[in-house]
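What follows is calculated from the coordinates using simple rules that are stated; it is not laboratory data. Keep in mind the model is a prediction, meaning the values are calculated, not measured. Here the Cβ is made from the backbone with ideal geometry for all residues, glycine too, and neighbour counts use every protein chain on show.
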Amino acid sequence: MANIPIWPGSSSFFPGETPFGFYDNDNDFQVDADKFAKFAAQRLGFPIVDVELQAIQFYTALEEAVTTYGNEVYAYRVRQDYLSLEGGPTGSNLNNTLITPNMGTIVRLSKQYGEEAGTGGNVTWRTGSLPLLKDTQKYDLNAWAQESASLGTNDSIEVKRIFYYPDPAVVRYFDPYASTGIGFNSMMDNFGFGSFSPAVNFLLMPLSFDLQKLQAIEMNDQVRKSNYSFELINNQLKVFPIPTEDGTLYFEYIKTQDRYSASFNNSYSGITNVSNVPYANPNYSQINSVGRSWIYEYALALSKEILGYIRGKYSNVPIPDAEITLNQSDLISAATEEKNNLIERLRGYLEETSRDKLLERRAQEAEFKQKELAQSPYVIYIG
């Protein structure tokens, strides 16, 4: 059996002795690296038991533990704040940044819903028209798209709105058949506008009233002109009633490809997924004692795991007239369980500090305070 170096009992850290060097220039890390090496060796049985580890293994375990701690903390922050982070810049480090919730992603989602109604989004609603022919009830809008000069041969369309017969409601704002002009004359007389156009009521009535009048006109059309309608299935248009004269039918549509191309912005340089949220490795000197305690425990479990792998190379050590079996499997099994438990504990701690948990506790505190105050007598003032 080859001679295996054992822990000499002390160490002296120098920058460059960790695999990645993330924290080598941090003064606190330089000091704690040797303290941890001594702590871990003694926890593994030194000096009673030989520990087949060198300083670089302890430094490696400590560096990995700090990085794992930072990954868990910042991954939690990303989950908590991603709706506010998406679309933001990637150029600045967010480690010590207070993230204020915003509506950026919600607004973008809302615009896409508005896109279906033609009130927002990134897809352009286009206008088209085709001849409305006497005695012709059915029209193929897909065929129109293929023949249209404004569309390519492979473009498909999605019709959003058909304008068949009635004018827009706003054009008939004072439609007497919709009862939109009744009741204003006396009101205008009272305000001294009796000789003015009825349009003066725009100055007197709230905007909500105008919207209600437009709705009244549209409802009037549905009731009084309900025989004018259309049926649209897969861009196959059927109009009712059958036209009795030639005319022009107008409609609004979108190019199907526009809906999908508008969803992808390949040139965007901001935050687009969790992998480019600008969190860096933690600043070790800024980690408090609670965080460092977790780091030492996790690094100890990693050290135990490394020791198990080393001893696994020589599972049986021959001695005169006997053979010693090393405990590599026990070390690896214990280390795996300890790492899993520590990760679970840290995630549970972080979850308890989530925004919804904190608000829930605050609400409970307020409720308990109200109950306590209800038991207190009111002050009575005399005199």
A chain fully extended from Thr353 to Arg43 at 0.36 nm per residue, minus the present Cα-Cα distance, gains in nm 108.4 nm
R0 of 41 Å, Cβ-Cβ distance Arg362-Glu231: FRET efficiency to nearest 0.05: 0.15
Determine the gain in length on full extension of the stretch Ile106-Glu86; use 0.36 nm per residue of separation and subtract their C-alpha separation, reporting nm with one decimal. 6.2 nm
The answer for chymotrypsin sites (Phe, Trp or Tyr not before Pro) in segment 345-383 that fall in a DSSP coil and have at most 14 neighbouring Cβ atoms within 10 Å is Tyr378, Tyr381
Given R₀ = 25 Å, FRET efficiency for Asn27-Ile99 by Cβ-Cβ distance, to 0.05? 0.30
Mind checking which lysines have their C-alpha under 22 Å from Lys38, skipping anything on the same chain fewer than 8 residues away? Lys304, Lys339
Amide proton proximity set for Gly88, modelled H, under 5 Å, gap of 5+: Ile271
Of the cross-linked pairs Lys111/Lys134; Lys111/Lys238; Lys35/Lys357; Lys160/Lys213, which ones have a Cα-Cα span greater than 28 Å in the structure shown? Lys111/Lys134; Lys111/Lys238; Lys35/Lys357
Given the Cα-Cα distance of Lys313 and Arg259 and 0.36 nm per residue of separation, how much length would full extension add, in nm? 13.5 nm
